[in-house]
Amino acid sequence: MSESALEAKAVSITFGGLRAVAEVSFTVPHGSLTALIGPNGAGKTTFFNLVTNLFPPDSGEIMFYGSSLRGRSPAEIAGMGLLRTFQTARVFPGMTALENVLVGAYKETKAGPLQQMLWLPAALREERRLTERATALLDLVGLSVYRDVAATSLPIGAQKLVEVCRAVMARPRLLLLDEPAAGLNDAETAELAALLRAVRDSGITILVVEHNMSLVMDVADQVVVLDLGKLLARGTPREIQGDRRVIEAYLGVEEETA
Ligand SMILES: Nc1ncnc2c1ncn2[C@@H]1O[C@H](COP(=O)(O)OP(=O)(O)O)[C@@H](O)[C@H]1O
Ligand SMILES: [Mg+2]
């Protein structure tokens, strides 16, 4: 895995006096599932905001498959195939679970509005193909039986899974997920793990912020640890699990005395 999907080069941003992200450098290898972990306030979401250029870094540069993201708008970055979900995102109300997932494919829809209105065969075929793919994604997370149910009527955990399916439906090259397991119960977390593995195996590179350590250890190829804006460690899940600095910063010093 020599090609980098994402390469952060000494990226920094300061808010007021606070260095939220400080000289962070790491790469996300193409085809990998990389977990970005760290205590609350470590700068993980801010890092995602810098990658998607919600605001530009004060210094440093981020490369996406060899192209600099500097000066590109969030929409342009999404158009390049770099998609994210938000920590607080929700499903679209007034739509079924299936329709929510189908929204992710809007860019793929080739049939124009007139074709769709007239139900021309090409439009029908396309609709059927996208519906099948969306249903298969919902099936992967055990939600296909709810595909025609209003998405907002689903439990929060299921809604979060629908959101991840929507992002995957867009077939990004790199998917950034911000705490997708927050609010999920154990069964839903297991569905999420299966989905993440299937997505990675389909060739989509994933960078995921996650607090659930057993999920991280279960699915990640690489773990990157931030603490107080700085890169604290980087390695395989096994290496990170045994890293004393990480245990102290993230897992809590009380584990040492336990
Ligand atoms: N837009 C902003 N303006 C000011 N401070 C911010 C902003 N975004 C984040 N921060 C601060 O930067 C630090 C890192 O936040 P964040 O990236 O959300 O952490 P994490 O996602 O790792 O929990 C926190 O101290 C937070 O309060
Ligand atoms: Mg966050």
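On full extension, the segment bounded by D58 and M80 gains 5.6 nm, given 0.36 nm per residue less the C-alpha separation.
When ranked by the protection proxy of mean other Cβ atoms within 10 Å per residue, highest first, what sequence do the peptides 121-129, 90-98, 215-223 form?
Values: 121-129: 13.2, 90-98: 17.8, 215-223: 19.4.
Ranking, from highest mean packing down: 215-223, 90-98, 121-129.
Of A158, V24, G71, which is farthest along the charge dipole of segment 4-257 in the positive direction, counting Lys and Arg as +1 and Asp and Glu as -1 at C-beta? With unit charges placed on the Cβ atoms, the residue in question is G71. Per-residue ellipticity at 222 nm computed for the chain from its helices equals -10000 deg cm²/dmol, with DSSP H segments shorter than 4 residues left out and the rest contributing -39,500 (n - 2.57). Among complete DSSP H helices in the chain, those whose alpha-carbon atoms stretch at least 27 Å along the helix's long axis and whose mean Kyte-Doolittle hydropathy reaches -0.5 are 121-140. In summary, the convex hull built on the alpha carbon positions of the chain has an orientation-averaged projected area of 15.3 nm². When L50, L18 are sorted by how many other C-beta atoms sit within 10 angstrom of their C-beta, beginning with the fewest, the order is L18, L50. Can you give the FRET efficiency to the nearest 0.05 for A10 and L124, using r as the Cβ-Cβ distance and R₀ = 35 Å? Rounded to the nearest 0.05, the efficiency is 0.10.
No lab work stands behind these numbers, since they all come straight from the coordinates. Treat the numbers as computed from the prediction; the structure is a model and nothing was measured. Positions of Cβ are backbone-derived with ideal geometry, glycine not excepted, and every protein chain shown enters the neighbour counts.
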